[in-house]
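Scroll down for the structure; my scribbles are underneath it.
The values are calculated or read from the model by the stated rules, or taken from the named source; none is laboratory data. Values in this document were obtained by computation on a predicted structure and should not be read as measured data. All Cβ positions, glycine included, derive from the backbone under ideal geometry; neighbour counts span all protein chains shown.
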Amino acid sequence: MNKICYGCGAKLQCTDELKIGYIPEKKINDSKYCMRCFRMTHYGENYSIDTPKDQKEIIRKINNDSKFVIFLVDFLNISESVIKLFKSIKKKKLLLINKCELMPKSVNKERFVSFIANHYSIIDPIRLKGGTKFHGAKSVYNFLTENNIKEAYILGLSNSGKSTLINDLARINDSNVTSITVSKRANTTIDFIRTKISNDLVLIDSPGFIIDDSLNNDVTGKNIKEYSMNIKECETVGLLDNKYFLKFDGKTQMVLYTNSSAERIVKKYYRAAPNLVYTINVTKPNTDIVIRGIGFITIKKCVNITTNIDLKYIEVRDSMFGDKDE
Ligand SMILES: Nc1nc2c(ncn2[C@@H]2O[C@H](COP(=O)(O)OP(=O)(O)OP(=O)(O)O)[C@@H](O)[C@H]2O)c(=O)[nH]1
Ligand SMILES: [Mg+2]
């Protein structure tokens, strides 16, 4: 049998219910989806598989091909590790920053794009996407037609919105292709899925990348939100059910951008917070502390922070949103 699930790209099989692509034998002739995609779409069941396609193999395949690449990352997850992955693609490519409708309204989009280009030394085009109508996919369609791109891989981080983009572009083009499965979970798409959007456009969906050096690999999330807090001297912020702490030695304002649930973020004063062995010195006002896997925190004032988060998960950069109060 050589049928492929339209929802996730896995090869359909009727022998092992616990493996990807399973479909009961009696359904094989009239269903386009595997059981997992069917359940995700119809019952909102949400389960990931833990055997994603090898990331190096994906990059190798793309680099041996001549097609254009659209690389998606949502603004929450921009980090050195992700940009390194983006740069490992040696093809003509676009960095597409997604879910931008959730950025603070005051962010100057042009300044933001030039900051990303300069800070991460990116020479490829960068575009922002997000919105209420088709999640802002029309701008991507315009980019593809303006640049005469007829075939492209859609690559990027898991949960960044790759499959959603293809479904949206199909709807914009009134195409009646079968929808690809989308979900809030990691690794929804299992294998490459080729979709003919129109006579002039073919897009290839791909399994999402998971960043290795991430503190929290559960990319499942609510939508990205910001939490603003005024911090007093020696106050401590607990993250992810008080598993991680940040203790501030001075007064500042901080804004946390994350897709973890609000109830998992608490602010408390600890006389002696446990094992805060790492130090981050914020030497410039408006600095971002990126905690890969959680999001990032903009710190408004110079302050020293002690934490139990290993610094290998942390990146310090100028605030990518700039001084919004300017
Ligand atoms: N706010 C917002 N959410 C979006 C946007 N695009 C996609 N999403 C949401 O992001 C989540 C992940 O979307 P998918 O399209 O399944 O992501 P993916 O990149 O294909 O994920 P994998 O298949 O796991 O690699 C879903 O909950 C989408 O509704 C957007 O522009 N804005
Ligand atoms: Mg997908």
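Taking the stretch 62-88 only, how many residues are within 12 Å of the chain's Cα centre (by Cα) and either within 21 Å of residue 145 (Cβ to Cβ) or without any contact (Cβ under 8 Å) to a residue 12 or more places away in the chain (or both)?
Result for the stretch 62-88: 2.
Report the residue count in the stretch 154-179 for those that are in a loop (DSSP other than H, G, I, E, B), more than 6 Å from ligand 1 (Cβ to nearest atom) and in contact (Cβ under 8 Å) with a residue 60 or more places away in the chain. Lay out the reasoning, then the answer.
So the first thing to find is which residues in the stretch 154-179 are in a loop (DSSP other than H, G, I, E, B), and the list is 158-161, 173-179.
Next, from what is left, pick out any that are more than 6 Å from ligand 1 (Cβ to nearest atom): 173-179.
So of that shortlist, the ones also in contact (Cβ under 8 Å) with a residue 60 or more places away in the chain come out as 178-179.
Matching residues across the stretch 154-179 total 2.
In the stretch 188-198, which residues are more than 8 Å from ligand 2 (Cβ to nearest atom) and either of a type in the set (Ser, Thr, Tyr) or more than 13 Å from residue 6 (Cβ to Cβ) (or both)?
195, 197, 198
Please count how many residues of the stretch 135-148 are more than 9 Å from ligand 1 (Cβ to nearest atom) and either crowded, with 19+ Cβ neighbours inside 10 Å or outside the structural domain of residue 93 (by TED's automatic domain parsing) (or both). Explain how you work it out, then say what you get.
Of the stretch 135-148, the ones more than 9 Å from ligand 1 (Cβ to nearest atom) are 138-148.
With either crowded, with 19+ Cβ neighbours inside 10 Å or outside the structural domain of residue 93 (by TED's automatic domain parsing) (or both) added as a condition, the list becomes 140, 144.
Looking only at that region, the number is 2.
Taking only pairs six or more apart or across chains, which ones have beta-carbon atoms under 7 Å, a first residue in the stretch 89-110 that is under 22 Å from residue 168 (Cβ atoms) and touching a residue at least 60 places away in the same chain (Cβ under 8 Å), and a second residue that is buried (at least 20 other Cβ atoms within 10 Å of the Cβ) and of a type in the set (Phe, Trp, Tyr)?
96/71; 99/75; 103/75
Give the residues of the stretch 256-290 that are in a strand (DSSP E or B) and at pLDDT 95 or above, sorted by residue number. Step through it out loud before you land on a result.
Filtering the stretch 256-290 for residues in a strand (DSSP E or B) gives 256-258, 266-268, 278-282, 287-290.
Matches in the stretch 256-290: 278, 279, 280, 281, 282, 287, 288, 289, 290.
Considering only residues that are surrounded by fewer than 21 Cβ atoms within 10 Å (Cβ to Cβ) and among the small types (Gly, Ala, Ser), look in the stretch 76-101 and name the one that is farthest from residue 57 (Cα to Cα).
Looking at residues that are surrounded by fewer than 21 Cβ atoms within 10 Å (Cβ to Cβ) and among the small types (Gly, Ala, Ser), I get 81.
Go through (1) within 11 Å of ligand 1 (Cβ to nearest atom); (2) more than 18 Å from residue 207 (Cα to Cα) one by one and return the number of the condition residue 74 breaks.
(2)
Go over the candidates 223, 217 one by one and state the one that is under 25 Å from residue 312 (Cβ atoms), in a loop (DSSP other than H, G, I, E, B), at pLDDT below 90 and out of contact with any Ser or Thr (no Cβ under 9 Å at 6 or more places or on another chain).
Details: 223 fails: under 25 Å from residue 312 (Cβ atoms).
Of the residues listed, the single one that is under 25 Å from residue 312 (Cβ atoms), in a loop (DSSP other than H, G, I, E, B), at pLDDT below 90 and out of contact with any Ser or Thr (no Cβ under 9 Å at 6 or more places or on another chain) is 217.
Output the number of the condition that residue 117 fails; it satisfies all remaining conditions of (1) within 16 Å of ligand 2 (Cβ to nearest atom); (2) aliphatic (A, V, I, L, M); (3) surrounded by fewer than 16 Cβ atoms within 10 Å (Cβ to Cβ).
It fails just one condition, (1).
Consider residue 166 against the criteria (1) at pLDDT below 95; (2) within 19 Å of residue 73 (Cβ to Cβ): it satisfies all of them except one. Which criterion is unmet?
Answer for residue 166: the failing condition is (1).
When you scan the stretch 86-105, do you find a residue that is among the hydroxyl-bearing types (Ser, Thr, Tyr), away from ligand 1 (no atom under 16 Å from the Cβ) and either at pLDDT 95 or above or under 25 Å from residue 314 (Cα atoms) (or both), even just one?
For the stretch 86-105, residues among the hydroxyl-bearing types (Ser, Thr, Tyr), away from ligand 1 (no atom under 16 Å from the Cβ) and either at pLDDT 95 or above or under 25 Å from residue 314 (Cα atoms) (or both): present.
Please indicate, with yes or no, whether at least one residue in the stretch 180-191 is surrounded by 18 or more Cβ atoms within 10 Å (Cβ to Cβ), in the same structural domain as residue 285 (by TED's automatic domain parsing) and either within 10 Å of ligand 1 (Cβ to nearest atom) or not acidic (Asp, Glu) (or both).
Within the stretch 180-191, none of the residues are surrounded by 18 or more Cβ atoms within 10 Å (Cβ to Cβ), in the same structural domain as residue 285 (by TED's automatic domain parsing) and either within 10 Å of ligand 1 (Cβ to nearest atom) or not acidic (Asp, Glu) (or both).
Quick one: is residue 158 touching a Lys or Arg at 6+ places or on another chain (Cβ under 9 Å), within 16 Å of ligand 2 (Cβ to nearest atom) and among the hydroxyl-bearing types (Ser, Thr, Tyr)? Before the answer, list the steps.
Numbers: touching a Lys or Arg at 6+ places or on another chain (Cβ under 9 Å): yes; within 16 Å of ligand 2 (Cβ to nearest atom): yes; among the hydroxyl-bearing types (Ser, Thr, Tyr): yes.
Yes, satisfied.
Out of the residues in the stretch 10-50 that are in a loop (DSSP other than H, G, I, E, B) and loosely packed, with under 10 Cβ neighbours inside 10 Å, state the one that is modelled with the lowest pLDDT. Show your work before the answer.
Applying the first criterion (in a loop (DSSP other than H, G, I, E, B)) to the stretch 10-50 yields 10, 12, 14-21, 23-24, 28-34, 44-50.
From what's left, loosely packed, with under 10 Cβ neighbours inside 10 Å: 15-16, 18, 29-30, 44, 50.
On the way: 15: 93, 16: 91, 18: 86, 29: 87, 30: 87, 44: 78, 50: 60.
Here the residue is 50.
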